[in-house]
Every structure is written in C-alpha cells, then in structure tokens.
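Working notes for the structure below.
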Amino acid sequence: MKGLTMKKIAILFALVCGLLPQVVWAAASGWYQLDATWLNGSFSGQFQYDSSSSYGIVAVQGTLTDVAQTTAISTLVYPESAADGAWVFLANSNPAEVGGHDAGFYLYLLEQGGKLVLDATASNSLYDWSSDYAYFDQLNESPLQSYTITAVPEPASAAMLLGGLALLAGVVRRRQVVG
C-alpha cells in the first residue's frame, strides 16, 4: 500500500513539473526575445512586456542593423494618447537632439492565447533618419518580412523546475533501491 501511495505522489509531482513550464513561460508579463527582419534591416534583442501597462512594452534592449548603420535600441516612444493607436516605437537615443532618435521601428502587439504576436494588419515598419541620406528612401517604412517572439524564462523559474526534477529523480531512485 505504501508503494502505491508513493507512486501516486510521484506521478502527481511529475504532472505538476510538466505543466510548470507552460504556466510560467507562457505568462503575459515578463521579458521576450524579439528577432525581426525587414526588407532592409533586422533587429535582435529583448523587450519587457507588462500587461497592466497602457502600451504593453515598458523596456527594450537590442541592436538594429540596417543598410545605413548599426544602432543600439534602448528607447521607447509612445503615442500621445490611446486614441492614436496601440503602437510603440522602439528607437535609439540620439544625443545630438534632446529626447531625439534617428532610427527605430514600430510594433503593434497583440495578446493571443497567452502569447504575444504582432498585428499583421498594422504597419510594423522600420525607419532610419540618420545622417546618411543615401538610404532614406529604402529605410523609410521598410516593411516587416518575418519575426519571432519568444518568452525568456526567469532564472528563478528555471531553478525551481530543475529542483523539482532533481527531487523527482531522488524519489524514483529511492523507490528502486527499496523495491
């Protein structure tokens, strides 16, 4: 009878450990990896999403590479009012202009089934207004071609998952030694 109870506990624990990553990593708020490619450029970096925030994205860090330049993206520009749309402009910080930027891209995020996706009906375009005017026409509204958004697991969640798996392995090993 004791072995049967331990077996049920081990199975229940394994089920909880199996579901944990789906619950933790599919959460709406947290850090996300974004890899995007436009006709004339690409971005690789992370943004922090907060579902309770008016515009969703609250922080960004990454690198935008286009035909004119490579730019560190670290600034968020929001619409002046919610009536202007649900976009966020992710940009660089141009020290030559107070509060200015000269390269970046628009993101129109949607939450679907606990995951973040881009609104395909909106213009998630790339822009670069840097001093290299030779590329202005190419980089003004460069269209998005592909993207991936994946949740970045928090270290504490991953540690908890590994701890649970180690505990489960210990229970199974003890059962094999006893049995």
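The values are calculated or read from the model by the stated rules, or taken from the named source; none is laboratory data. Bear in mind the structure is a predicted one, so any value in this text is a computation, not a measurement. All Cβ positions, glycine included, derive from the backbone under ideal geometry; neighbour counts span all protein chains shown. With ligands, DNA and RNA removed, areas are computed over all heavy atoms of the protein, side chains included. Shrake-Rupley method; radii C 1.70, N 1.55, O 1.52, S 1.80 Å.
Here is how the numbers come out for the structure above:
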read-out: HN-Hα J in Hz across the stretch 30-45 - Karplus 6.51, -1.76, 1.60, θ = phi - 60°, x for Gly and Pro; value: x, 8, 10, 8, 10, 10, 10, 10, 9, 4, 10, x, 8, 10, 9, x
read-out: Accessible area of Leu107 in the full protein assembly, 1.4 Å probe (Å², nearest 10); value: 10
read-out: Computed over the stretch 36-138, Kirkwood Rh from alpha-carbon pairs, angstrom; value: 14.3
read-out: Segments 116-124, 63-71 sorted - mean Cβ within 10 Å per residue, highest first; value: 63-71, 116-124
read-out: J(HN,Hα) series, the stretch 169-178, from Karplus relation 6.51 cos²θ - 1.76 cosθ + 1.60, nearest Hz, glycine and proline x; value: 4, x, 5, 5, 5, 4, 5, 5, 5, 5
read-out: Accessible solvent surface per residue of the stretch 30-156, calculated while the other protein chains remain in place, 1.4 angstrom probe, Å²; value: 52
read-out: Net lengthening on full extension, Ser53/Thr148 (0.36 nm per residue, minus Cα-Cα); value: 32.0 nm
read-out: Carbon/sulfur fraction of accessible area - the stretch 30-156, other protein chains in place, 1.4 Å, %; value: 49
